[in-house]
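A.B. asks: Quick one: this structure, given as structure tokens, is what I'll be asking you about.
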Amino acid sequence: MKSNFLFLQHSIDKAANSFCGSSCGFILNYPTIFNPFNTMILYASQYFPLDYIILVLVIAYFFFTTLAGMIKIGIRFIWIKVVVVVVL
């Protein structure tokens, strides 16, 4: 949940403080809101494979938590179960 807040916080900072908007991809010269995840990735990039390992762990975390949620409640549209996921 905290990582979702960090991504949202960074996106709001980019949208509010980008000097050229969507034409350049919301580039920030000087971020105004501190983002600990971004700082961690920037420092980890100095040690080559460490930043890739961290990103793979974050992506794997999102993938496996999504998979666990789909297994637990299935795939639903509003309140109707569309697909029941069964683990063998």
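A.B. asks: Go through segment 62-72 residue by residue and turn each phi into a ³J(HN,Hα) via Karplus (6.51, -1.76, 1.60, θ = phi - 60°); whole Hz please, and just put x for glycine and proline.
C.D. replies: Per residue, the Karplus-derived 3J(HN,Hα) values read 4, 5, 6, 5, 5, 4, 5, x, 5, 5, 6 Hz.
A.B. asks: For the chain, what does -39500 (n - 2.57) per DSSP helix run (n ≥ 4), summed and divided by total residues, give at 222 nm, in deg cm²/dmol to the nearest 500?
C.D. replies: Mean residue ellipticity at 222 nm (helix-derived): -19500 deg cm²/dmol.
A.B. asks: Amide H to amide H, which residues 5 or more places from GLY74 or on other chains are under 5 Å from it, using H placed in the peptide plane?
C.D. replies: For GLY74, whose amide H was placed from the backbone, the distant partners under 5 Å are VAL85.
Computed from the coordinates by the stated procedures, all read-outs in this text should not be read as laboratory data. Quick caveat: nothing in here was measured; it's all calculated off a predicted structure.
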